[in-house]
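This report concerns only the one structure given below.
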Amino acid sequence: MSWLQPPIPLRLGADEVHLWRASLDLPAAAVEGMAGMLSPDEQERAARFRVPQVRARFTAARAILRDILSRYLHCEPSALVFGYRKHGKPFLVPGAEADIRFNLSHSHGLALYGICRGREVGIDLERIRQDREHDRLARRFFSPQEVAALQGLPPDERVEAFFHCWTRKEAYLKARGEGLAIPLASFDVSVAPGEAAALLSVAGDSREAERWSLLAIQAGPGYAAALAVEGRPGGLQTWAWQRAGSGPPLEPPGS
């Protein structure tokens, strides 16, 4: 997967999904300057993080989201107003004139942003970690079919497969915007490494799986990521975010 510098002007077709990758580990002076883009409530949220690195990454993640969206909407990043759905999914207020939908996820200094028009989108990014009790977590949260698929893999493939499964499930939940009101075990996704990402079935709704596309994202070494999007979009563009006037994009961790 190639992460390219976006063109100017930037256009988003009705049948396209744009995916952005960005490093959140920016120079302190840059993060301080970006904080001015945030709304008062975002600044208050940032201030609650006691660890400076976590606070800086949150600030960068939100400011980059504003910068990206402003490129499509041709406005100042600070002018954007977000609303939040019942389970916390953000949306643009007002946004009907462009119908831009978006979602973001970040982990250990790396962020991904999914942008599209007129269709829901969800994205999840996780750092692959060996220090988790993967089997126990799978039995607790995954469906019986997914647990069986994991157990059927060679032991050296199970950790990666666990994170493939986790990110695909989280991406779907984030696209739906209903959080854990939808139990993780109530739907099945593909699991095995090398197997195409797919939403296989949803309990109680035989047609729901047909409404969504899932895509595994190659975010960088040591990461697992997945994108869920409503319908069957015709194209995916992948962009590398960079600060205006900063030269080549900063390489995300693990690149």
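Here are the numbers:
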{"read-out": "Modelled FRET efficiency - R0 22 Å, Met1 with Arg127, Cβ distances, 0.05 increments", "value": "0.80"}
{"read-out": "Whole-percent pair-distance distribution, where bins are 10 Å wide, for the alpha carbons of the chain", "value": "7, 30, 36, 21, 6, 0"}
{"read-out": "Cα gyration tensor of the range 122-255 - equivalent ellipsoid semi-axes, whole Å, descending", "value": "26, 20, 12"}
{"read-out": "Pairwise label distance in nanometres, Ala244 with His108, each label 7 Å out on the Cα-Cβ vector", "value": "3.3"}
{"read-out": "Aspartates and glutamates whose Cα lies under 16 Å from that of Lys86, excluding same-chain neighbours fewer than 8 positions away", "value": "Glu120, Glu178"}
{"read-out": "The chain: calculated mean residue ellipticity at 222 nm from DSSP helix runs of at least 4, using -39500 (n - 2.57)", "value": "-9500 deg cm²/dmol"}
{"read-out": "Leading residue at positive end of dipole, the range 130-212 (Cβ point charges), from Ala149, Ala138, Gly177", "value": "Gly177"}
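Throughout, read-outs are computed from the coordinates displayed, never taken from laboratory work. Computed from a prediction, not measured in an experiment: that's the story for all the values here. So basically every Cβ, Gly included, is an ideal-geometry build from the backbone, and we count neighbours across all protein chains shown.
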